[in-house]
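In what follows, a single structure is set out as structure tokens and then discussed.
The values are calculated or read from the model by the stated rules, or taken from the named source; none is laboratory data. Everything numeric in this text was worked out from a predicted model, so none of it was measured. Note that we place each Cβ from the backbone using ideal geometry, even for glycine, and neighbour counts take in every protein chain shown. Quick note on the areas: whole protein, heavy atoms, side chains included, nothing else; ligands and nucleic acids left out. Shrake-Rupley method; radii C 1.70, N 1.55, O 1.52, S 1.80 Å.
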Amino acid sequence: MDAKISAVKALELANRVNIEKERLSISSSQEEAQLASQKVKVDQLRGQFSLKKSQVDQLKVKAGFDGMLQQLPTPVEEGVRVTAGTALGKIASLRS
């Protein structure tokens with residue numbers, strides 16, 4: 001009688017082990033899918049950051065060569081928007 005009870009308990013425990021293995025497998029695949037999704041989101045955010053950084057870098061006004069600022073024909077203050085190609089100043093070359 002004890003042997004039959006032990007055999008039934010062993011069978012029940014084996015079934016439980018199989019169920020837990022399946023649950024673990026499903027949980028692992030869900031976590032992998034979530035991780036892949038988060039990696040895609042990180043890549044998107046890196047792309048957005050790169051774009052915004054590029055846009056900020058394009059806002060800086062620089063002369064095409066080294067020189068000294070001679071004249072500001074148009075009064076411009078920090079934060080003012082100007083159209084592309086607007087002459088903001090004249091630069092004199094330091095080279096003779």
Correct response: the longest run of the chain lacking exposed GluC sites (Glu not before Pro), defined by DSSP loop and at most 10 other Cβ within 10 Å, is 1-76
Contour minus Cα-Cα span, Thr86 to Ser54, at 0.36 nm per residue, comes to 9.5 nm
On the accessible surface of segment 6-93, probed at 1.4 Å with all protein chains in place, carbon and sulfur together account for a percent value of 56
Net charge (Lys, Arg +1; Asp, Glu -1) of residues whose beta-carbon lies under 14 Å from that of Phe65, Phe65 excluded, is +2
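Taking the Cβ-Cβ separation of Glu12 and Leu35 as r and a Förster radius of 35 Å, what is the calculated FRET efficiency to the nearest 0.05?
Efficiency, rounded to the nearest 0.05: 0.50.
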Candidates for Cα Rg over 2.2 N^0.38 Å are (1) 2.77; (2) 1.04; (3) 2.18, and the calculated one carries label (1)
Per the 1/(1 + (r/R0)^6) rule, R0 = 30 Å and r from the Cβ atoms of Gln44 and Arg23, FRET efficiency to 0.05 is 0.40
